[in-house]
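Taken together, the values in this text are just the output of simple stated rules run on the coordinates, not laboratory data. Note that the structure is a prediction, hence the values are computed from the model and not measured.
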Amino acid sequence: MRHAIELEIDIGRLFDERAIERQLYTLARAMDRREWLLLDHVIADDATGDFGEGFEVKGRSGFVAMFERFLANCGPTQHLLGNVAIDIEGDVAESGCYVRDMHQGSGERAHLFLSTPGEYHDRWRRTPTGWLLTHRTKVNLMLIGSLAALGAD
C-alpha cells in the first residue's frame, strides 16, 4: 500500500531563501571584483562582523574598510560558497555556509597564496528593498599558505 506524502510548500519562504542565497553570492563577488558599491545593497548600515583574531567591524563602512585593507594589495581572489543553510523567522533570518577562499599575491608576491577555509554564520533583516546582512561571523578552520600574499600589514 502506498502512502501519499504531503508536502507543504511555502513559496514565499523559498523566494526569501533564494534572495538571501543571492545576497551571499553578491557579497562574495563584490570582494573578488573589489566592487564595494554593491555592498550598499547587501550589508546594513548598522551591521557588525567578527572575523576572528581581533578583527571586529562595525557598519557597512567598517566592512568595506576591512575588505580594502586585506584585498587592495592582493592579486586575484575567489570566494566559493557551499552547503548553504537558511532559517527564516518572520523578518529576520540566519544563514550558514562553508567558504573556500583563495588569494594570490600581486607583483613580487605573485608566487604566494593564502586560503582560509571556514564557515560564515550570518544574520539578516528584511527591509523594504530586500534582505540585508546585519552580522557576520567568520570561523576560520584552517590557514593554508602565507599571509604575505595579502600584502597587508
Between helix 59-71 and the chain: long-axis angle, C-alpha atoms, 0 to 90°, nearest 10: 50
Would you compute, from DSSP H runs of 4+ residues alone, the mean residue ellipticity of the chain at 222 nm, taking -39500 (n - 2.57) per run and dividing by the full residue count, rounded to the nearest 500? -8000 deg cm²/dmol
Any chance you could give the angle, 0 to 90 degrees and rounded to 10, that helix 11-33 forms with the longest Cα principal axis of the chain? 10
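Grab the Cα-Cα distance for residue 146 and residue 121, subtract it from 0.36 nm times how many residues apart they are, and report the gain in nm with one decimal.
Taking residue 146 through residue 121 to full extension adds about 6.5 nm, to one decimal.
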Roughly speaking, what is the stretch gain from residue 139 to residue 84, that is 0.36 nm per residue apart minus the C-alpha to C-alpha distance, in nm to one decimal? 18.3 nm
Coarse-grained scattering of the range 41-153 at q = 0.14, 0.20, 0.23 Å⁻¹, given as base-10 log I(q)/I(0) from a Debye sum over alpha-carbon atoms: -0.62, -1.13, -1.33
